[in-house]
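My questions will all concern the structure given below.
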Amino acid sequence: MTDAAVKQVTFHVRRFEPGVDRAPHWESHAIPLTPGMTVLDGLWKLKELSAPSLAWRSSCRMGICGSCGMLINGRPRLACNTQISELGTDVVAVAPLPNFAIIKDLVPDLRPMFETHRELMPYLIRDDVAEQDDPTLEYWQSPHELEHYLQFSYCIKCGCCMAACPTVATDPQYAGPMPLGQAQRYNTDSRDGGFAERKEVLSGGSGPWRCHFAGECSQVCPKGVDPAKAIQLMKRELVSDLLRMRKRRDPAPVVQPPKGPRREEIPAAPPRTAGEA
Amino acid sequence: MASRAHPNRLGIKGWVAGGRWGFARYMYTLHRLTGLGLLAYFVMHIFVTSTRAIGPESWEQAMEIVSGPLFAFGEYLVFAAFVFHALNGIRLGAIELGFAVGVPIEPVYPYETSVGRTQRLAKAVLMIAFVVAVWGGLDFFIWK
């Protein structure tokens, strides 16, 4: 195959060099398109051929680490999860995720999102600190209870939802879909007892009541987490709690080992990973 | 050290950029625009009716200004905005109390979202709003 026969794709890339550029600007480069090339592959090729100083974040290349969220042809996506062929055009416009400050080129400053995430206490809150520090047994949870939060636990914190949300775009105080979705993930975990504590942080203008269901977070989520659903269900919980209609429950206890004689045909369990043997 | 990062928050531009433009996004934007329109109308309404406090002449003068066909059409638009805003507000109230969004599911590609589930409700709101605004509104405001 001659060079002339190789299909080209044009990358418009948003560039910004801190301390040098006063504002971001677009730069265009053509690169050869290869079968199966993702936008992330394209960026690597671009860096190799014509823009060696181009900066972005990426790691796993398989939609798990959540590093390479970018605005690709106007939509927040993961660069590694987006085939150039699926865009249906020979022109790929890549910009950093909006609603986050730009550190350099395609690198957004995600710190405000993670700070809010931390404020909403995304971990199990329980009284038995000793058991958590030095577990003796596992906490009991049924498959049905797992389903209450499993969908929300697939979040990879890429920030695409925050970039798509029109409320985040206008209101810097709003916590945003990712932190709120994760607060709901822990609120609905049967092992958690932190609803009352998170409720204090969630009240007010920065919490879920600023969400007016544009649904963009769920539309752009590359993992199908559906943060919009999490936020609406969280509001339901908060209203139920206000009306004293919320079911009160204690955090799940540790599993008690089964009592009675063991049936002989059942194979032995693998070695224990917690507690004394 | 001061941050050298460049601000990139979309602001009001974010109402029309940066997402995938699902059906709910149109409803969201229209809800905000109609809300702002109604607010502008209320401010104008209070200003116009307050002229009565100055005297009957001022009132008559103000009523003369707002009685033309342009203002009749404007009133019709306010009515249409009110119908949409009220019906969509009821829809949002239901959704924000967790109705129609479904329960958490295992995310399997292609993903189904709560936005897709609530579209039927959104379309019903639009359809009722359209019918009420066109037939009731035209009859009252334009052909009166």
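The values are calculated or read from the model by the stated rules, or taken from the named source; none is laboratory data. Not measured: the values here are computed from a predicted model. Glycine gets a Cβ as well: all are built from the backbone with ideal geometry, and neighbour counts include every protein chain shown.
When you go through (1) more than 10 Å from chain A (Cβ to nearest Cβ); (2) under 20 Å from A:Pro166 (Cα atoms) one by one for B:Tyr28, which number turns out not to apply?
Of everything listed in (1) more than 10 Å from chain A (Cβ to nearest Cβ); (2) under 20 Å from A:Pro166 (Cα atoms), B:Tyr28 misses just condition (1).
Considering only segment B:99-125, how many residues are crowded, with 21+ Cβ neighbours inside 10 Å and within 7 Å of chain A (Cβ to nearest Cβ)?
So the count comes out to 5.
Something else now. What number of residues in segment A:201-217 are crowded, with 16+ Cβ neighbours inside 10 Å and either among the aliphatic types (A, V, I, L, M) or free of Cβ contacts under 8 Å to residues at least 12 places away in the same chain (or both)?
3
Let me ask you something else. Looking only at residues that are within 19 Å of A:Pro166 (Cβ to Cβ) and among the small types (Gly, Ala, Ser) in segment A:217-249, which one is farthest from the other protein chains (Cβ to nearest Cβ)?
My answer is A:Ala230.
Hey, another quick one. For the structure I just gave you, tell me whether A:Arg198 is crowded, with 21+ Cβ neighbours inside 10 Å and of a type in the set (Lys, Arg).
Values: crowded, with 21+ Cβ neighbours inside 10 Å: yes; of a type in the set (Lys, Arg): yes.
The answer is yes for A:Arg198.
Provide a single number: the residues in segment A:41-99 that are in a helix (DSSP H, G or I) and closer than 25 Å to B:Lys13 by Cα.
Looking only at segment A:41-99, we keep the residues that are in a helix (DSSP H, G or I), and these are A:41-49, A:79-81, A:85-87.
With the extra rule that they be closer than 25 Å to B:Lys13 by Cα, the set shrinks to A:79, A:87.
Adding up the residues that qualify gives 2.
Please specify each residue of segment A:221-233 satisfying the condition of being buried (at least 24 other Cβ atoms within 10 Å of the Cβ) and either under 11 Å from the mean Cα position of the chain (by Cα) or on the phi > 0 side of the Ramachandran plot (or both).
A:Cys221, A:Val225, A:Asp226, A:Pro227
Just one of A:Ile84, A:Ile102, A:Ile125 is within 30 Å of A:Ala252 (Cβ to Cβ) and β-branched (Val, Ile, Thr); which is it?
Numbers: A:Ile84 fails: within 30 Å of A:Ala252 (Cβ to Cβ); A:Ile102 fails: within 30 Å of A:Ala252 (Cβ to Cβ).
So the residue among A:Ile84, A:Ile102, A:Ile125 that is within 30 Å of A:Ala252 (Cβ to Cβ) and β-branched (Val, Ile, Thr) is A:Ile125.
If you don't mind, there's one more thing I want to ask. Determine if segment B:10-24 includes at least one residue that is modelled with pLDDT of 85 or more and more than 14 Å from chain A (Cβ to nearest Cβ). Break it down stepwise before answering.
Taking segment B:10-24 as the starting set, the residues that turn out to be modelled with pLDDT of 85 or more are B:10-12, B:24.
Subsequent filtering for residues that are more than 14 Å from chain A (Cβ to nearest Cβ) retains none.
Scanning segment B:10-24 turns up no residue that is modelled with pLDDT of 85 or more and more than 14 Å from chain A (Cβ to nearest Cβ).
Let me ask something else about it. Filter segment A:150-166 down to the residues that are at the interface with chain B (Cβ under 10 Å from one of its Cβ atoms) and surrounded by fewer than 21 Cβ atoms within 10 Å (Cβ to Cβ), then identify the one that is farthest from A:Ser58 (Cα to Cα).
Across segment A:150-166, the extreme among qualifying residues is A:Leu150.
Ok, one more. Report yes if A:Gln182 is closer than 25 Å to A:Ala163 by Cβ, at pLDDT 95 or above and within 8 Å of another protein chain (Cβ to nearest Cβ), otherwise no.
No, not satisfied.
Can you name the number of the only condition in (1) within 24 Å of B:Phe130 (Cα to Cα); (2) surrounded by fewer than 20 Cβ atoms within 10 Å (Cβ to Cβ) that B:Ile95 fails?
Going through the list (1) within 24 Å of B:Phe130 (Cα to Cα); (2) surrounded by fewer than 20 Cβ atoms within 10 Å (Cβ to Cβ), B:Ile95 breaks only (2).
Looking only at segment A:173-191, decide whether some residue is part of a helix (DSSP H, G or I) and more than 15 Å from the chain's Cα centre (by Cα).
Restricting attention to segment A:173-191, the residues satisfying the condition of being part of a helix (DSSP H, G or I) are A:177-187.
If we keep only those that are more than 15 Å from the chain's Cα centre (by Cα) as well, we get A:187.
Looking for residues that are part of a helix (DSSP H, G or I) and more than 15 Å from the chain's Cα centre (by Cα), one finds at least one in segment A:173-191, hence yes.
To continue, here is another question. With B:Leu77, B:Leu92, B:Leu39, B:Leu30 as the choices, which residue is without any contact (Cβ under 8 Å) to a residue 12 or more places away in the chain and either closer than 30 Å to A:Leu71 by Cα or among the aliphatic types (A, V, I, L, M) (or both)? Break it down stepwise before answering.
Values: B:Leu77 fails: without any contact (Cβ under 8 Å) to a residue 12 or more places away in the chain; B:Leu92 fails: without any contact (Cβ under 8 Å) to a residue 12 or more places away in the chain; B:Leu30 fails: without any contact (Cβ under 8 Å) to a residue 12 or more places away in the chain.
Just a single option satisfies the conditions, and that option is B:Leu39.
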